Each structure stands twice: as structure tokens, then as C-alpha cells.
1. Sort through GLY67, GLY23, GLY72, GLY98 and tell me the only one that's open to solvent by less than 60 Å² (accessible area, probe 1.4 Å), modelled with pLDDT of 85 or more and within 28 Å of ILE209 (Cα to Cα).
2. Being of a type outside the set (A, V, I, L, M, F, W, C), at pLDDT below 90 and under 17 Å from ILE228 (Cβ atoms) is the filter here, so list the residues in segment 162-183 that pass it.
3. Just wondering, is there one or more residues in segment 79-89 that are part of a helix (DSSP H, G or I) and under 30 Å from ARG16 (Cα atoms)?
4. Find all pairs meeting these conditions: Cβ atoms under 8 angstrom apart; at least six residues apart or on different chains; first residue within segment 185-197 and touching a residue at least 40 places away in the same chain (Cβ under 8 Å) and at positive phi; second residue open to solvent by less than 30 Å² (accessible area, probe 1.4 Å) and in a helix (DSSP H, G or I).
5. Would you mind stating whether SER219 is without any contact (Cβ under 8 Å) to a residue 12 or more places away in the chain and in contact with a helix residue (DSSP H, G or I) (Cβ under 7 Å, 6 or more places away or on another chain)?
6. Name the one entry in SER219, SER191, SER183 that is part of a loop (DSSP other than H, G, I, E, B) and either among the hydroxyl-bearing types (Ser, Thr, Tyr) or crowded, with 20+ Cβ neighbours inside 10 Å (or both).
7. Output the number of the condition that PHE225 fails; it satisfies all remaining conditions of (1) under 21 Å from VAL143 (Cβ atoms); (2) of a type in the set (A, V, I, L, M, F, W, C); (3) at pLDDT 80 or above.
8. In segment 194-210, what residues are in contact with a Pro (Cβ under 9 Å, 6 or more places away or on another chain) and either part of a helix (DSSP H, G or I) or open to solvent by less than 10 Å² (accessible area, probe 1.4 Å) (or both)?
Amino acid sequence: MKPVVALVLQLVSSARDLLPVIGVVAFFQLVVIRRPLPDGMAVGELVFGVLLVLVGLTLFIRGLEIGLFPLGESLARALAERGSAFWLFAFAFTLGFGSTVAEPALIAVAGKAALVVAEAGMLGDGEDAGPAFALQLRLVVAVSVGAAVVLGVWRILVGWPLHLMIIAGYVIVLLLTLVAPPSIVGIAYDSGGVTTSTITVPLVTALGIGLATCIRGRSPLLDGFGLIAFASVMPIIFVLLYGLVAF
């Protein structure tokens, strides 16, 4: 009975979170734009779509709470207790890489970036040039997030100050922006944003908290968070470097 109650409570919470978004869209559609729904969309289809979003969001969050969060924390603790830095860093890299390469937001942005770059005539005339660029961009971003998680784990282990490392990262971003091709700058900055989305954030956060919990002298509050910041800035650096090489 308790799982059912928890699921219902999560459904109510998700509905409350979605209400502001629905209200904004409805206001502009009905009051400001005052036009029919696009492509003959029926009101029933719109309502059904919103319900699917609500149910999907509820199940996703509930799944994180009962599955991925506990598993990520337990794996981080177990690897830290084994005392093997190699396996800990290997787990951190593969977790960052695997969660990012499957990130739906990154797949969407990479596909759109490939279309725009191809239309600008920067990829040649081959039919596979666009998909190849999209795949390369996804792999570059995924590798960068894996490296970012490794760097964040190293910071937790040695106790380096988070703010100084983040400042150094953005200084590198600004310097690379001055020399990178202008056509890649916007894509690079967007790549840093899409990595901190539905799949990557819960797993990386669970890793940081679990690791900080089991290491003596580390606080889950002070040291467990901050990995997401590395996962935001590192893709910008890597994509800018990729732009310098590719274009």
C-alpha cells in the first residue's frame, strides 16, 4: 500500500510542478496569440499529451528515488571502501560518458546543430556528413562529461576548493571563445547546458553524495555537490577545442 500512496503523492507533486508551465502556454495561446492549434491538432490530443507528460514525469522521478539514487550512492561507497582509485575513476568516467551519450536533450541539440551546420555549407556535400557531425558532437560532449566527473571525484578526494576550479574553468572558456570559430561558439555553450538534464544529473549527484558520505573529513553538503558544475563547463571547453580542430 505504501508504494501506491507514494506514487499518488508524487503524481500530485508533478501536477503541481507542471501547472505553471501549462498556465503560461494556455495564456499565450488563448489570450495573446488567439490562433487555432497547429496542424489541425485536436484539443483531446493536446490534453492526452499533457497527461502522458504528467505520468512520465511522475514515473521518472519515482524511479530515481527508489532505484538510481540508492544504486549510485551504494556503488560510490563500495568503490571508495575498496580503496581502488583506478576502479573509482573508471566508474566515474563511464558513468558520465554513458549517461550523457544517452541524454535526449543532447541528441536533439546535436541533430539540430548538424542540420544548421550542413545548411551553412561547412560539412561538405556528402549525405552522411550531417549525421557524422551529430555523432561526433555527442561523443565529444560525452567524453567531456566523463572527464568532468573524474575531475570532480578527484576534487572530493583531495579537498580542492570548488569555486577556484570553476573560476579557472570559465577563464579557459572565455580564452577559447576568443580564438574558436564563431560558428561553433553557440553550439559549445548550448552543449554545456544540455548535459545537465534528466539522466546525467541524478546519477552524477548520487555519485558525489555517496562518495562524500563515506570519506572521512568530507561533508555530503559541502563536498558532495559541485559535480554538475564541472559537467556544465567541461563540455564547453571540449566543444570549442573540437571546433578549432574540425573547422
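The values are calculated or read from the model by the stated rules, or taken from the named source; none is laboratory data. In this text the structure is predicted, and so the values were computed from the model without any measurement. Because the Cβ atoms are built from the backbone with ideal geometry, glycine has one as well, and the counts that use them run over all protein chains shown. Calculation scope for accessible area: heavy atoms of the full protein, side chains included, ligands and nucleic acids excluded. Shrake-Rupley method; radii C 1.70, N 1.55, O 1.52, S 1.80 Å.
1. It is GLY98.
2. Of the residues in segment 162-183, the ones of a type outside the set (A, V, I, L, M, F, W, C) are 163, 169-170, 177, 181-183.
With the extra rule that they be at pLDDT below 90, the set shrinks to 163, 181-183.
Hit for segment 162-183 is HIS163, nothing else.
3. Keep residues of segment 79-89 that are part of a helix (DSSP H, G or I), which gives 79-82, 85-89.
Filter once more, keeping what is under 30 Å from ARG16 (Cα atoms): none.
Scanning segment 79-89, I find no residue that is part of a helix (DSSP H, G or I) and under 30 Å from ARG16 (Cα atoms), so the answer is no.
4. none
5. On the way: without any contact (Cβ under 8 Å) to a residue 12 or more places away in the chain: yes; in contact with a helix residue (DSSP H, G or I) (Cβ under 7 Å, 6 or more places away or on another chain): yes.
The answer is yes for SER219.
6. Numbers: SER191 fails: part of a loop (DSSP other than H, G, I, E, B); SER183 fails: part of a loop (DSSP other than H, G, I, E, B).
The match here is SER219.
7. Single failed check for PHE225: (1).
8. First, pick out the residues of segment 194-210 that are in contact with a Pro (Cβ under 9 Å, 6 or more places away or on another chain): 194-195, 197-199, 206, 208-210.
Matches in segment 194-210: VAL194, THR195, ALA206, GLY208, ILE209, GLY210.
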